[in-house]
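Trainee: To start, I am sharing the structure in question, which I have written as structure tokens.
Each value in this text was obtained by applying a stated rule to the coordinates, not by laboratory testing. These numbers come from a predicted model, not from an experiment. Cβ sites come from the backbone with ideal geometry, for glycine too, and all protein chains shown count toward neighbours.
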Amino acid sequence: MSLQRDSRLLIYHWDRKKVPYSSHEAIMACARLYAQAMGLDSEAPSLAKGYELAVAREPGGKPYFREAEGIHFSLSHSGDYGVCAVFSHSVGIDIQVDTCCDRRAIAKRFFHPREYSFLEGRGFEPFFDVWAAKESYVKYTGEGIFRGFNRFAVADTDGMKDRVNGLSLTRVDAGDKYKLYLCSMEKPIYQMVTLRYNK
């Protein structure tokens, strides 16, 4: 089923302690809410009636809805929070909680040399910005973090980039402890929506 296009991207977010959905339940809840918000109920009756859509995977592992090609999603969780971006076009999202870790060693091993130089010049303070931006990019492309995470750079000596290999990277405000990035073809108009628990 091919659904109508809309330029609005919705980011559903929730406290995982208060909204105990599994990953699959969260994806389905967000897809249903998106279909309702975009007025797609008539074109996606299975979602409107509460039926589950089958989640398939591309060869690289990126998940998608086989029966609703006009609804794209990307899921992430870190710390206490979960997020799910739902859009009419391909999207990648990642959230990272700022925690204690050996930032220098991780960056040296997994990041691009330009990113390492950027972080080194800033005392590794923006480490989780780089991590979240990179994760959002590989979620968009479907490559995953283990297939060349250091082959591309989301930052250089001038700072964080807003485009990488023709794709847009957007930083979304998620509070002091969290870093949240979106990757999409073009910079999207987005809206944050709190996901409620309905069981």
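Trainee: Calculate for the chain the 222 nm mean residue ellipticity that helices alone would give, adding -39,500 (n - 2.57) per DSSP H run of length 4 or more and normalising by residue count, nearest 500 deg cm²/dmol.
Mentor: The helix-only estimate for the chain comes to -7500 deg cm²/dmol at 222 nm.
Trainee: Return the ratio Rg/(2.2 N^0.38 Å) for the chain, where Rg is computed over Cα atoms only.
Mentor: Dividing the Cα radius of gyration by 2.2 N^0.38 Å gives 1.04.
Trainee: What ranking of 77, 112, 24 emerges when the number of other C-beta atoms within 10 Å of each C-beta is taken as an exposure proxy, fewest first?
Mentor: With the fewest neighbours first, 77, 112, 24 line up as 24, 77, 112.
Trainee: Lysine pairs, Cα distance under 22 Å, 8 or more residues apart or cross-chain: how many in the chain?
Mentor: 27
Trainee: Still on this structure, I have one more. Are there GluC sites (Glu not before Pro) in the range 103-199 that DSSP puts in a loop and that have at most 16 other Cβ atoms within 10 Å, and which ones?
Mentor: Within the range 103-199, the qualifying GluC sites (Glu not before Pro) (loop, at most 16 other Cβ atoms within 10 Å) are 186.
Trainee: Order of 106, 189, 95 from fewest to most other C-beta atoms within 10 Å?
Mentor: Going from least to most buried by this count: 189, 106, 95.
Trainee: Points 7 angstrom from Cα along the Cβ direction at residue 52 and residue 198: gap in nanometres?
Mentor: Between residue 52 and residue 198, the label points sit 1.8 nm apart.
Trainee: Explain nothing, just the number: relative contact order of the range 8-194, from Cα pairs under 8 Å at least 6 residues apart, as a whole percent.
Mentor: Relative contact order, the range 8-194: 24 percent.
Trainee: Do any cysteines of the chain lack a neighbour Cys whose Cβ is under 4.7 Å away, and which are they?
Mentor: For the chain, the answer is 100, 101, 183, because their Cβ atoms have no other cysteine Cβ under 4.7 Å.
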